[in-house]
1. With each pseudo-label sitting 7 Å past Cα toward Cβ, what's the Asn127-Ala93 distance in nm, one decimal?
2. Let me spell out the model: positive unit charges on the Cβ of Lys and Arg, negative unit charges on the Cβ of Asp and Glu, origin at the Cα centre of the chain. What dipole size does that give, in debye rounded to 20?
3. What is the chain's relative contact order, in percent, from Cα pairs under 8 angstrom and six or more apart in sequence?
4. Could you give the nm distance between label points at Val47 and Gln21, where each point is 7 Å from its Cα heading toward the beta carbon?
5. How much accessible area per residue does segment 40-136 have, counting only protein heavy atoms and a probe of 1.4 Å, in square angstrom?
6. Can you grab the distance from the C-alpha centre of segment 80-136 to the C-alpha centre of segment 21-67, Å, no decimals?
7. Order these peptides, 59-70, 94-105, 19-30, 36-47, by their mean beta-carbon neighbour count within 10 angstrom, highest first.
8. Rounded to the nearest percent, how much of the accessible area of segment 18-92 (1.4 Å probe, protein heavy atoms only) is carbon and sulfur?
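The values are calculated or read from the model by the stated rules, or taken from the named source; none is laboratory data. Remember, it's a predicted structure, so these values are computed and weren't measured experimentally. Glycine also receives a Cβ, built like all others from the backbone with ideal geometry; neighbour counts cover every protein chain displayed. Side chains are part of the model used for accessible areas, which takes the heavy atoms of the whole protein and leaves out ligands, DNA and RNA. Shrake-Rupley method; radii C 1.70, N 1.55, O 1.52, S 1.80 Å.
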Amino acid sequence: ADIFGSDAMKNTENAFESKAQLYLENKELFVSRIQAAIDFIRSHELVDSDNISLVGFSFGGTGSIYYSLIGNTSEVKSIVSFHASLDSGLPEAKTINPEVQILILSGGEGDDITDINFLESVYIAQNAQYEISRFS
């Protein structure tokens with residue numbers, strides 16, 4: 001899904017940074033854009049709406065983590081986040097569907113062990129099915 005919109009990235013030198021900052025500061029808006037993509041794909045006649053997964057890399061990975069915490073997790077089967085940045089903090093978690101499987105593949109400079117430990121404590125408190133794997 002294109003989180004920014006089809007015209008947002010054209011011919012603008014700092015378009016990504018300004019748009020990304022908007023969504024990082026307003027996590028509910030970010031998750032609502034992801035939900036809109038899920039709703040759109042769910043309505044497609046060739047999609048098995050009971051088997052939808054959310055997968056994100058980098059900025060999309062950050063959105064996947066936010067969705068796991070405050071999105072409608074009953075609408076997806078699994079959530080995967082690759083190389084997300086947690087520098088802007090995490091939203092306070094709502095109820096996480098205990099059936100959704102969550103995989104966080106994390107590393108590099110986008111987060112530190114404090115971020116990961118906090119995220120794991122939230123998943124544990126919510127009885128979430130999750131796995132977190134760190135890489136260098």
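1. Here the modelled spin labels are 1.3 nm apart.
2. With Lys and Arg at +1 and Asp and Glu at -1, about 120 debye.
3. Working: 208 pairs, mean separation 24.6, N = 136.
Value for the chain: 18 percent.
4. 3.2
5. 54
6. 16
7. Listed from highest to lowest mean packing, they are 59-70, 94-105, 19-30, 36-47.
8. For segment 18-92, the apolar C and S fraction of the accessible surface comes to 53 percent.
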